[in-house]
Amino acid sequence: MSPAESVALITGASSGIGEAFARALSQRGCRLILVARRRERLERLAAELGRAEVLTADLAIDSDLNVVESRIASEPRLDFLVNNAGFGILGCFHETSPQDQDRMHRLHILAVERLTHAALGGMVARRKGNIINVSSVAAFFRTPNSLTYGATKAWINSFTEGLHVELKSLRSPVRAQALCPGFTHTEFHDSLAMDRNAIPAMLWMSAGDVVNESLGALAKNRCLVVPGRVYRIFVFLHGLLPRRLQHCIAIRYGNARRQSSEKLQKKNRI
C-alpha cells in the first residue's frame, strides 16, 4: 500500500447502494474494506475489484459490531466510512415482530453511532476524512405501515446534520453527509415483497446514479443530500404543508401501499 493510498470501509457492501459505493471508490483509487453478512458475495466483489479486504459481520450483533469497530480504529488511512447497512419492515407497528424492530434500531442507530465514533477521532486528528450515512427520503415523511423505518432514518439525518455543524465549529475539514435516496433499483424492495410496478417509473433511480450524486455533493460539503430532482421537489413542497395536511397525505399513501402489498402477497399465494 502506497503512503498516500486512501482506505474506504463500506457496510452493506454486498449489493445495491453499498456495492455501487465500492465500485465508485475503487475507481477513485481507494483500498476497500467490505462489510456485510454474505461472505460469498463480498468475496466475489473483492475478487473483481482487487485491493479489497472482506469482513463478514452482522452489525445488529454486539460481537460483530465490536469487530468492525476495532478494525476501523486500527486503520490509520481510513478516508471514507460509508454506513450503508440497513433493511425495512412492512406492517403496522403493533403487528410487527419486536425482535425485528430491535434489530432495525440496532442497525440504523446504534451501529451508525458506534462506527462513526470509531472513525471520527482519527479523521479529525489527521484533518482528513469523509463519513456518509445512508438514510432515506422516508426520513422526511411519517408513513403508516413502515413508521419505524422512517423514524430511524430521521435519526440518521439529525445525527449527521449535528455532526456536520460540530465539525464546522471545530474548523475541521472532515465531512459528514446524510444520503437520502428514494426508490432505487436494489434488492431492498424485493426483500419487502413490494410490487415495483406500483411505483411510477420516473421515481426509480439506479444505485450508480445515487452514489454519483452523493460523491458530487460530498465534494461541495453538502450535508443532507436527496438524489433526484423529483425527490428534492417532493421534500421541499412537503415541508411547506401544514402538519395536518402532511398527515392526511401520509394516511392515503400508507393505505395505498398496504393494499398494494396485500394484493401482491395474494397473487404470490395463487
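Which of the residues spanning the range 163-179 are out of contact with any Cys (no Cβ under 9 Å at 6 or more places or on another chain) and of a type in the set (K, R)?
Scanning the range 163-179 gives K168, R171.
Which pairs do you get when a residue that is part of a strand (DSSP E or B) and surrounded by fewer than 24 Cβ atoms within 10 Å (Cβ to Cβ), found in the range 1-28, comes within reach of a residue that is among the charged types (D, E, K, R) and at pLDDT 95 or above, reach meaning Cβ atoms under 8 angstrom, with the pair 6+ apart or on two chains?
Every condition considered, the pairs that remain are V7/R31; V7/E75; V7/R77; V7/D79.
When you look at E95, is it within 24 Å of C223 (Cβ to Cβ) and among the acidic types (D, E), yes or no?
no
Within the range 114-141, count every residue that is crowded, with 18+ Cβ neighbours inside 10 Å and assigned to a loop (DSSP other than H, G, I, E, B).
4
Which is under 19 Å from A111 (Cα atoms), in contact with a strand residue (DSSP E or B) (Cβ under 8 Å, 6 or more places away or on another chain) and among the hydroxyl-bearing types (S, T, Y), of S26, S63, S14, S6?
Just one listed residue meets the conditions, S14.
Only one residue in G239, G216 is of a type in the set (G, A, S), out of contact with any Leu (no Cβ under 8 Å at 6 or more places or on another chain), modelled with pLDDT of 95 or more and outside any loop (DSSP other than H, G, I, E, B), so which one is that?
That would be G216, the only listed residue that is of a type in the set (G, A, S), out of contact with any Leu (no Cβ under 8 Å at 6 or more places or on another chain), modelled with pLDDT of 95 or more and outside any loop (DSSP other than H, G, I, E, B).
For the range 108-145, how many residues are under 13 Å from the mean Cα position of the chain (by Cα) and under 25 Å from L203 (Cβ atoms)?
9
For G86, are the conditions met, namely being of a type in the set (G, A, S), touching a His at 6+ places or on another chain (Cβ under 7 Å) and either modelled with pLDDT under 95 or under 17 Å from I156 (Cα atoms) (or both)?
yes
Would you confirm whether any residue within the range 76-91 is surrounded by fewer than 22 Cβ atoms within 10 Å (Cβ to Cβ) and in a helix (DSSP H, G or I)?
Checked against the condition, which is being surrounded by fewer than 22 Cβ atoms within 10 Å (Cβ to Cβ) and in a helix (DSSP H, G or I), the range 76-91 yields no hits at all.
Could you give every pair whose Cβ atoms fall below 7 Å, whose first residue belongs to the range 89-112 and is under 23 Å from I251 (Cα atoms), and whose second residue is of a type in the set (D, E, K, R) and at pLDDT 95 or above, counting only separations of at least 6 or pairs across chains?
The qualifying pairs are I89/D100.
I want to confirm something. Restricting to the range 33-48 and keeping residues that are touching a residue at least 12 places away in the same chain (Cβ under 8 Å) and surrounded by fewer than 18 Cβ atoms within 10 Å (Cβ to Cβ), which single residue is farthest from D100 (Cα to Cα)?
Of everything passing the filter in the range 33-48, R41 is farthest from D100 (Cα to Cα).
What residue, among those in the range 169-204 that are part of a helix (DSSP H, G or I) and surrounded by 15 or more Cβ atoms within 10 Å (Cβ to Cβ), is modelled with the lowest pLDDT?
Result: H189.
The values are calculated or read from the model by the stated rules, or taken from the named source; none is laboratory data. Just so you know, these numbers come straight off a predicted model, no measurement behind them. Counting neighbours? That spans all protein chains shown, and the Cβs are built from the backbone with ideal geometry, glycine included.
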